[in-house]
Amino acid sequence: MDFDFTVITSHARFLGSGIVVTLLLSILSGLSSLAVGFVVALARLYGPRGLKPLVVLYIDSMRAIPVLVVLVWTFFALPIVTGITMPPFWAALIGLTVHLAAYVAEIVRSGVESVRPGQTRAAMALGMSRAQAVRRIVMPQALVRMLPAFGSLLSITIKDTAIASVIAVGELMRQSETLAGQSFQPIEVFSFAMLVYFLMLFPVTRGVDALYRRVAHLGRS
Amino acid sequence: MTLDWGVVWQHRDALVRATGTTILLTIATMVIALPCGIIVAMLRLYAWKPIRALATAYVELFRNLPLILVVFWAFYVLPILTGLGLSPLATGLTALALNVTAYNAETFRAGINSIRRGQLDAAMALGMSRAQALRRIILPQASRRILPVLASTWVSLFKDTSLVSVMAVTELAYVAMQIRAQTFRVLEMLTAMAAIYWLLGYPQAKLVDWIQRRFAVTE
Amino acid sequence: MMSRHKSAQPRIIRYQGVIKRFGDFVALSGVDLDVHTGEVVCLIGPSGSGKSTLLRCTNGLEAIDGGAIEFEGTSLPRDPRPLRAIRQKMGMVFQSFELFPHLTALENVAEGPRTVLGIDRDAAQARASAMLAKVGLADKGANYPSALSGGQQQRVAIARALAMEPDVMLFDEPTSALDPETIGEVLNVMKALAEEGMTMVVVTHEMTFARRVGDWVAVFDAGRIVEEGPPQQIFEAPLTERTRDFLSHLGWSG
């Protein structure tokens, strides 16, 4: 068995664009799911009573439905409902955001709940409003505890972008799949893809492990 | 836009069979990945240095690769490397098992390491062998921390079976999308697919919550 | 040096030039000490001076880097199997008790006999009951460690070690983690054990115990023994400056 890695170098542009799309999709869906997730979590924690069961339903549903299903539904079925067709990248972005925001909301909720209620009481006894207490006292402490879980979620986000290949988003998985099929050199192409993903993910996983160790001693404040 | 939800009912047999395959795939993967995970964890913790390094490399590799890539790799590359011609189902099972074994190994290792060193010392001071200490003292305590994580891994696995659809394994996602392609009833079939996953997945997620509450460790 | 009462008894443990390193840190830099059968040897000294390390080397929980430790005439083995056999003859009591939380007090005490000695369940539990009665906890057998006070847990730990019928008991700061009220009940059990003739090596900060119950005291500092002798010498007429310093820092006034 001899390997010919020139297939990689001769298609550098093709594969490179895949890497760019992977990074772009990861960062954008990471940011948007953070934003949406925070809002959802705040709505659950401090919003009107009636909202809470809806939020819980949303979060638990995203735990039950695979990412693949969410992406496929967003790309193929949503346009039928809304009448708006969208390019694969945007469908992937929306689908990933909706899916990941549920996990962000859970992380934020458990982070906030891990801060002793006495902290809020103490802050309000000093004369702060509830919003001030949350913003200045609870959130900073909660954020430290949330960091490792967010790191974990970043790792998951990058891996989930690969699933977008199923709806023809031109990220790395899709490009590799196409090239492997055309060139009949799956070993070289997929090895390359594995290397790239590993190099992207390994630092994140390592960082998360280190963060978990740092935070481990905190326990409940 | 006219919707025909009857399509779902017409194809109920195929959908039920496909759901069965999904469930079977989940169970079969765990049946393999649980004992294999324990073995890899033991190798990582207690084996001779080169073996420890190999086991660690294996776990780190699969923690840092997208599962869908592993599925493609198993389908395209594994037959060439091993000369074996496995069915899509077996290949999918292999990919899933490789992935979940790595996660389980990490779960077991972390769980065992979370037990205070003093417990091992006390057991060994009584004259127990390491194996005895593990079996009678460490693992019973570690299981409290390990079980909730395993439950969570199970639910993730259940969802991840959908990824082997890219290899035309006749589990739920693949079959639902096939029916969609044949009948052109896109919204109905995709919604039905999501609904079936939801119906199966939601109670599992709630069960995981219950397990995590029940086994919550307060130090 | 004053005379050693029980030196006529056979030597049960001999430490010769024991060296132990943790990376760059030298925890023990050449320790020589004898323990005779039936003696209560107390190891005292500042934190980090190597007392606990010596104890952990005695039953092989830590491997020594130099020198030798002899137990009942033979060198401490390095292979796991013979080492385990030796450990059955030594009972160890830890500062943090280290009871097994998933077992009741009775099951804790019976665990050694059952798993290590292979004694059947009923006989092991009978032995365990007897041991619990010996430490004054006959009625606490069905309780889990979390339901017991610190002093009670430590007494169960002593019973657990005794259930193996060891030739020597090793105590690693047995009362350092206890509330003042419960220290007494543990020290009383240890005193009773000593009076029965059990050989004991005790790392402790309880100077009154060492003074009253100890037969021989070794003072540690920075990984070596700076002075050893009977309690009367160490506590009333110490020979070295280090010992005097250490005792005065503790507020020991004799």
What spacing in nm lies between the two simple spin-label points modelled at residue B:195 and residue A:131, each 7 Å away from Cα in the Cβ direction?
4.2 nm
Which value, in debye to the nearest 20, describes the size of the charge dipole of the range A:38-153 about its Cα centre when Lys and Arg Cβ atoms bear +1, Asp and Glu Cβ atoms bear -1, and nothing else is charged?
560 debye
In the range B:62-93, which residues give up 10 Å² or more of accessible area once the other protein chains are added, compared with their chain alone (1.4 Å probe)?
B:63, B:64, B:65, B:66, B:68, B:69, B:72, B:73, B:76, B:77, B:80, B:81
Buried accessible surface, A vs B, both sides, probe 1.4 Å, in Å² to 100, equals 3500 Å²
Which whole-number value in Å² is the accessible area per residue of the range A:20-146, probe 1.4 Å?
48 Å²
In whole percent, what relative contact order does chain B give with Cα contacts below 8 Å and a gap of six or more residues?
30 percent
Residues in the range C:106-139 near a label at residue C:72, defined as backbone nitrogen under 17 Å from the 7 Å Cα→Cβ point?
C:113, C:116-118
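How big is the C/B interface in buried accessible area, both sides summed, 1.4 Å probe, to the nearest 100 Å²?
Result for this pair: about 1800 Å² buried.
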At 7 Å along the Cα-to-beta-carbon direction for both residue B:207 and residue A:57, put a label point, then send me their distance in nm to one decimal.
2.4 nm
The FRET efficiency for residue B:39 and residue C:188, from their Cβ-Cβ distance with R0 = 45 Å and rounded to 0.05, is 0.40
For chain C, give the share of DSSP beta bridges that are antiparallel, in percent and rounded to the nearest 5; count only bridges with both residues there.
55 percent
Here the residues of the range B:184-219 whose accessible area is at least 20 Å² smaller with all protein chains than in the chain alone (probe 1.4 Å) are B:186, B:187, B:190, B:193, B:194, B:197, B:198, B:202, B:205, B:206, B:209
Computed from the mean reciprocal separation of all distinct C-alpha pairs, what Kirkwood hydrodynamic radius does the range B:6-214 have, in Å?
19.1 Å
Scanning chain A for helices, which whole DSSP H stretches are 24 Å or more long along the axis (Cα) and average 0.5 or more by Kyte-Doolittle?
A:12-46, A:88-113, A:139-161, A:186-216
Dipole of chain A, Cα-centred, from +1 at each Lys and Arg C-beta and -1 at each Asp and Glu C-beta, to the nearest 20 debye?
1540 debye
Which listed residue (B:118, B:142, B:170) has the Cα farthest towards the positive end of the charge dipole for the range B:6-214, taking +1 on Lys and Arg C-beta and -1 on Asp and Glu C-beta about the Cα centre?
B:118
If the cut-off is a Cα-Cα distance under 18 Å, which aspartates and glutamates reach residue C:140, setting aside same-chain residues fewer than 8 apart in sequence?
C:98, C:107, C:111, C:122, C:185
Carbon and sulfur atoms account, in whole percent of the 1.4 Å probe accessible area of the range A:10-219, for 69 percent
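Report, in listed order, any pair from A:159/B:49; C:6/C:89; B:49/C:89; B:49/C:51; C:20/C:191 with a Cα-Cα distance greater than 27 Å.
Those over the limit are A:159/B:49; B:49/C:89; B:49/C:51; C:20/C:191.
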In percent, how large is the relative contact order of chain C, given Cα pairs closer than 8 Å and 6 or more residues apart?
26 percent
Can you list the residues of the range A:62-80 that have at least 10 square angstrom less accessible area with all protein chains present than in their chain by itself, probe 1.4 Å?
A:63, A:64, A:65, A:66, A:68, A:69, A:72, A:73, A:76, A:77, A:80
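Report the charge-dipole magnitude of chain C in Debye, nearest 20, computed about the Cα centre from +1 at each Lys and Arg Cβ and -1 at each Asp and Glu Cβ. Kindly include the intermediate steps, with their values, before the conclusion.
On the way: 26 positive and 32 negative charges, 82 e Å.
With only Lys, Arg, Asp and Glu charged at Cβ, the dipole is about 400 debye.
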Taking R0 as 60 Å, what's the FRET efficiency between residue A:24 and residue C:121 from their Cβ-Cβ distance, rounded to 0.05?
0.40
Selection from A:87, A:55, A:28, by position along the positive dipole direction of the range A:10-219 (Cβ)
A:55
Which one of C:176, C:38, B:92 has its Cα pushed farthest toward the positive end of the charge dipole of the protein assembly as shown, where Lys and Arg give +1 and Asp and Glu give -1 at the Cβ?
B:92
Within the accessible area of the range B:77-219 (1.4 Å probe), percent carbon and sulfur:
62 percent
For chain B, the helices passing both cut-offs (Cα extent along own axis of 18 Å or more, Kyte-Doolittle mean at least -0.5, full DSSP H runs) are B:12-46, B:49-63, B:88-113, B:139-160, B:186-214
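The values are calculated or read from the model by the stated rules, or taken from the named source; none is laboratory data. Only a predicted model underlies this, so the values are computations on that prediction, with no experimental measurement involved. Positions of Cβ are generated from backbone atoms using ideal geometry, with glycine treated the same way; all protein chains shown enter the neighbour counts. Side chains included, ligands, DNA and RNA excluded: accessible areas come from the protein's heavy atoms. Shrake-Rupley method; radii C 1.70, N 1.55, O 1.52, S 1.80 Å.
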